[in-house]
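Taking it in order: structure first as structure tokens, then the write-up.
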Amino acid sequence: MPDLFLFNAGELVTCDGSGGGLGVVEDGAMVVEKGRVAWTGTTRELKRKSLGKALKAVDAGGGLVTPGFVDPHTHLAFAGSREDELERKANGETYVSILESGGGIQKTIRETRNASAKKIAEESAARVGELLANGVTTAEVKTGYGQRTKDELKMIEAVELLKKKSKVELVTTFLGLHATPPEFKDPGDYVDYAVREMLPAVGRVMPRPAFSDCFCEEGIFSTEDCSRFLKASRELGFRLKMHADEFGDSGGASLSAELGCASADHLGHSSPDGVRAMAKGQVTAVLLPGTSLYSSIRYADARDIIEAGCSTALGTDLSPNSWIESPQIVMSLACAGLKMTPAQALLGFTVNAAKAIAREDIGSLKVGSLADFVVHSVPSYRFLPYRVGGSYVERVFKRGQEAFSRTG
Ligand SMILES: [Zn+2]
């Protein structure tokens, strides 16, 4: 017996690559078996198939049904907060100047180092709950607020604790090079330590498949530092990711292609050559317009990146710097700020986001995919980026099981 029949979807958007990519089925229906998509079509076809009974029938009520959103870039595991920074930024300070004065990431490193794994998990669980209520069924979570072996291990432990309680599937990334911690004067000395001590220790405990990530930016970590760290990560079996070209063109996009990264993220200042190299190397571009908004920095040239042939994803970059838990808001920013179309924005939070974390079984509702899906209260995907804020998410299903309902 199937787990579930879904019917009466105003639009069932499968994101399976058909019909120009989105695969929109009007008056859509779906059958779920053993937690996976077994069939999709129209409600009329479903009725004609007379499949008999399912354990559960879901009437979408004419609402839009999409794949569960995949958030491919978050820093959601941390302790404390940085609400004071909005005022500092309003008074002319920048992300980098706040960091240099011991604020920014340095403040979060202090607060996270001072918290237990249990405390970090408790604080972060509320953020995971918000992501779920906003339609996210899988989220990547970076470490990076420990920046010394015992505290990075503690962050991994915190994410493992979160995984046990979360209905959102979490994928861990070791962000070994995030900021040079205060006990090191020279970033190069810290990179030596990260490669020699932290990486092997993390590599022993990190659940696989795992990603390794670095912050490649002039004045933070150089392309040489990042190359050395990521090559050492690869030797230990990690897949690679990079924060690249957020504040300036440091050559991060090209390096991501050279090293075969799964994704390069931010890309506000990447050169056309760097973007072409990414397209050729099949590196997914992850764009984070919420961070551009918070830090008053340039939006990525999304249209050029898409035209160059890069698979282009969106993420929240949920962090103490840019506390955003809503893909819907990020899709609005993507359309208004990056000039992406609503279709590109939706593909960015589904199938393309899944590519950024090297997953083929999520992000679409093609037959065989995990039955992670969202029922929205509007009839068409075009509504999603149209409304800034609020939420249209009515019900969220993970592997065919209801994980969230707005009506409780
Ligand atoms: Zn980030």
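List the strands (runs of 3 or more DSSP E) inside the stretch 1-114, counting only whole elements, that have at least 2 residues being touching a Cys at 6+ places or on another chain (Cβ under 8 Å).
Values: elements: 4-13, 24-33, 36-42, 56-59, 64-67, 69-71.
In the stretch 1-114, 64-67 are the strands (runs of 3 or more DSSP E) which contain 2 or more residues that are touching a Cys at 6+ places or on another chain (Cβ under 8 Å).
Name the residue, out of THR143, THR112, THR74, THR138, that is assigned by TED's automatic domain parsing to the domain that holds ILE220, within 24 Å of LYS185 (Cα to Cα), crowded, with 17+ Cβ neighbours inside 10 Å and under 20 Å from the mean Cα position of the chain (by Cα).
Within the list THR143, THR112, THR74, THR138, the selection yields THR143.
So that you can scan it fast, the table gives a plain yes or no per residue for (1) within 14 Å of the ligand (Cβ to nearest atom); (2) closer than 20 Å to THR138 by Cβ:
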site: GLY290; (1), (2): yes, yes
site: ILE297; (1), (2): yes, no
site: ALA300; (1), (2): yes, no
site: LEU318; (1), (2): yes, yes
site: GLN328; (1), (2): no, yes
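May I ask you to say which residue of VAL159, VAL128 is crowded, with 18+ Cβ neighbours inside 10 Å, within 16 Å of the ligand (Cβ to nearest atom) and not small (Gly, Ala, Ser)?
Step by step, each of VAL159, VAL128 is checked, and only VAL159 is crowded, with 18+ Cβ neighbours inside 10 Å, within 16 Å of the ligand (Cβ to nearest atom) and not small (Gly, Ala, Ser).
Taking LEU99 as the residue in question, decide whether it is touching a residue at least 60 places away in the same chain (Cβ under 8 Å), under 21 Å from THR291 (Cβ atoms) and either surrounded by 18 or more Cβ atoms within 10 Å (Cβ to Cβ) or not assigned by TED's automatic domain parsing to the domain that holds GLU246 (or both).
yes
Check off (1) among the hydrophobic types (A, V, I, L, M, F, W, C); (2) in a loop (DSSP other than H, G, I, E, B); (3) at pLDDT 95 or above; (4) touching a strand residue (DSSP E or B) at 6+ places or on another chain (Cβ under 9 Å) for CYS214 and give me the number that stays unchecked.
(2)
Inspect the stretch 237-258 for any residue being within 15 Å of the ligand (Cβ to nearest atom), in contact (Cβ under 8 Å) with a residue 40 or more places away in the chain and touching a Pro at 6+ places or on another chain (Cβ under 7 Å) and give the result as yes or no.
Among the residues of the stretch 237-258, not one is within 15 Å of the ligand (Cβ to nearest atom), in contact (Cβ under 8 Å) with a residue 40 or more places away in the chain and touching a Pro at 6+ places or on another chain (Cβ under 7 Å), which makes the answer no.
The values are calculated or read from the model by the stated rules, or taken from the named source; none is laboratory data. These numbers were taken from a predicted model, which means no experiment stands behind them. Cβ coordinates were reconstructed from backbone atoms using ideal geometry, including for glycine residues, and neighbour counts include every protein chain displayed.
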